[in-house]
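*Asks:* Below you'll find the structure I mean.
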Amino acid sequence: MKSLRTLVVVHSTLVPPDSLEGYTEKQVDEWRTEYDVISTLRSAGHDVRTLGVLDSLTELRAALIDWKPQVVFNLLEEFNGIVTYDQHVVAFLELMQAPYTGCNPRGLLLSRDKVLCKQLLAFHRILTPQFAVIRRRQRFAVPKRLRPPLFVKSATEDASLGISQASVVEDMQHLRERVQFMHEQIGTDALVEEYIEGRELYVGVLGNQRLTRLPIWEMRFGSMTDSQLAIATRKVKWDRAYQQRYGITTGLAAELDPALLQKLDRLSCRIYRALHLSGYARIDFRMRADGTVFALEANANPNLTREEDFAQAARAAGLGYKELLERIMQLGCQYRVEWRDYGV
């Protein structure tokens, strides 16, 4: 790929240093994705500038006008502390006629709102756990069709924020307590869904119109299942000591028969298109022992750290980390935004 003027947009607190020297592993983990992306693009010969964004688009607008980047590599996951506002930053990039990496505003809107996402999946007759949303400042009411065990999560937050072993409840009293926790401590509406016991599978997808499915990845819960529920809690995903204690790993999913692989391939592409996703995404599934597959959610713009699931799955498909990032840049440059279609 030819060298491109690339503006990497990150959260203002996650602008990484030029070197890892002198930093602890815990410190590096805070901005590992940003460091991996920026350092890799620079080593590949791209002209890279980094811009930290918090609650203002003034500096971003100035950078777009003055430097005229050929592509914006978007690593923002929120704006002014609000997760669902990242879509507005991407919409701003479109208004400024700046090519950008990752998902478009519509796809971000539909996938970030987990309730709306599940409603769309149900409309398209894609099997997903039965669910209900309990909104803040509204009367507590759970449909009778939902029976314990139930899984309580945030309706909008990602990265397993607010998810722990206590998220799976067996009775109405604990359900009420967990919903209250979600409302008051996490500050979001609560999504209550039936708990699906089984294997947790992740399917990475690349593309705009033509889609490429990456090898299927699986969360392996190790010895954790001896005494706890096999769910992807905050600790399971991000606590290294916890992962090592229980032998929790992720890797290529084994012993999946060809029919199931075809089913996951079709489901992933259907979900990707139903949610109007673009660039790259990860679709999360649960599979029961009898082979029944449930779509859990879609993650637009998933973690791009070199050693995380998406990049590892791409590597298993023969796509190295540098090649993956450049493929994402190509997809961003090729995405058919309205201003291109109308020749603005």
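The values are calculated or read from the model by the stated rules, or taken from the named source; none is laboratory data. Worth saying up front: this structure is predicted, and the values here are computed from it rather than measured. In this analysis, Cβ positions are derived from the backbone assuming ideal geometry, glycine residues included, and neighbour counts consider all displayed protein chains. Side chains are part of the model used for accessible areas, which takes the heavy atoms of the whole protein and leaves out ligands, DNA and RNA. Shrake-Rupley method; radii C 1.70, N 1.55, O 1.52, S 1.80 Å.
*Asks:* Answer yes or no as to whether residue 141 is surrounded by fewer than 16 Cβ atoms within 10 Å (Cβ to Cβ) and under 23 Å from residue 181 (Cα atoms).
*Replies:* On the way: surrounded by fewer than 16 Cβ atoms within 10 Å (Cβ to Cβ): yes; under 23 Å from residue 181 (Cα atoms): yes.
Considered against the rule, which asks whether it is surrounded by fewer than 16 Cβ atoms within 10 Å (Cβ to Cβ) and under 23 Å from residue 181 (Cα atoms), residue 141 comes out as yes.
*Asks:* Here's another thing I want to ask about it. Any residue in region 97-111 that is modelled with pLDDT under 95, touching a Gly at 6+ places or on another chain (Cβ under 8 Å) and within 28 Å of residue 30 (Cα to Cα)?
*Replies:* no
*Asks:* Starting from region 313-338, take each residue that is closer than 15 Å to residue 2 by Cβ and list its partners that are surrounded by fewer than 15 Cβ atoms within 10 Å (Cβ to Cβ) and hydrophobic (A, V, I, L, M, F, W, C), counting only C-beta distances under 6 angstrom and pairs at least six apart or across chains.
*Replies:* Close Cβ pairs satisfying both conditions: 326/1.
*Asks:* So which residues in region 59-101 are small (Gly, Ala, Ser) and surrounded by 15 or more Cβ atoms within 10 Å (Cβ to Cβ), if there are any at all?
*Replies:* Step one: of region 59-101, the residues small (Gly, Ala, Ser) are 62-63, 81, 91, 98.
63, 91, 98 - these are the residues of region 59-101 that are small (Gly, Ala, Ser) and surrounded by 15 or more Cβ atoms within 10 Å (Cβ to Cβ).
*Asks:* Kindly check whether there is at least one residue in region 150-165 that is open to solvent by 70 Å² or more (accessible area, probe 1.4 Å) and not in a strand (DSSP E or B).
*Replies:* Among the residues of region 150-165, not one is open to solvent by 70 Å² or more (accessible area, probe 1.4 Å) and not in a strand (DSSP E or B), which makes the answer no.
*Asks:* Can you tell me which residue within region 12-52, out of those that are among the β-branched types (Val, Ile, Thr) and out of contact with any strand residue (DSSP E or B) (no Cβ under 6 Å at 6 or more places or on another chain), is most open to solvent (accessible area, probe 1.4 Å)?
*Replies:* Start the filter on region 12-52 by keeping residues that are among the β-branched types (Val, Ile, Thr), which leaves 13, 15, 24, 28, 33, 37-38, 40, 48, 50.
After this cut, where a residue has to be out of contact with any strand residue (DSSP E or B) (no Cβ under 6 Å at 6 or more places or on another chain) as well, the list is 13, 24, 28, 33, 37, 40.
Working: 13: 98, 24: 72, 28: 7, 33: 24, 37: 0, 40: 8 Å².
The extreme case among them is 13.
*Asks:* Being part of a loop (DSSP other than H, G, I, E, B) and open to solvent by 30 Å² or more (accessible area, probe 1.4 Å) is the filter here; which residues of region 257-276 pass it?
*Replies:* Step one: of region 257-276, the residues part of a loop (DSSP other than H, G, I, E, B) are 257, 275-276.
Hits for region 257-276 are 257, 276.
*Asks:* For region 314-322, indicate whether the set of residues that are at pLDDT 95 or above and at positive phi is non-empty. Walk me through it before giving the result.
*Replies:* Quick first cut of region 314-322, residues at pLDDT 95 or above only: 314-322.
Going one step further and asking which of them are at positive phi, we end up with 318.
The answer is yes; a qualifying residue exists.
*Asks:* Where in region 175-232 are there strands (runs of 3 or more DSSP E), lying wholly inside it, with at least 1 residues that are in contact with a helix residue (DSSP H, G or I) (Cβ under 8 Å, 6 or more places away or on another chain) and either open to solvent by 70 Å² or more (accessible area, probe 1.4 Å) or within 20 Å of residue 164 (Cβ to Cβ) (or both)? So that I can check it myself, show each step before the final result.
*Replies:* On the way: elements: 190-194, 199-207, 211-213, 217-220.
Counting at least 1 such residues, we get 190-194, 211-213, 217-220.
Residues checked against (1) in contact with a strand residue (DSSP E or B) (Cβ under 6 Å, 6 or more places away or on another chain); (2) without any contact (Cβ under 8 Å) to a residue 24 or more places away in the chain:
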site	(1), (2)
262	no, yes
276	no, no
288	no, no
292	no, no
298	yes, no
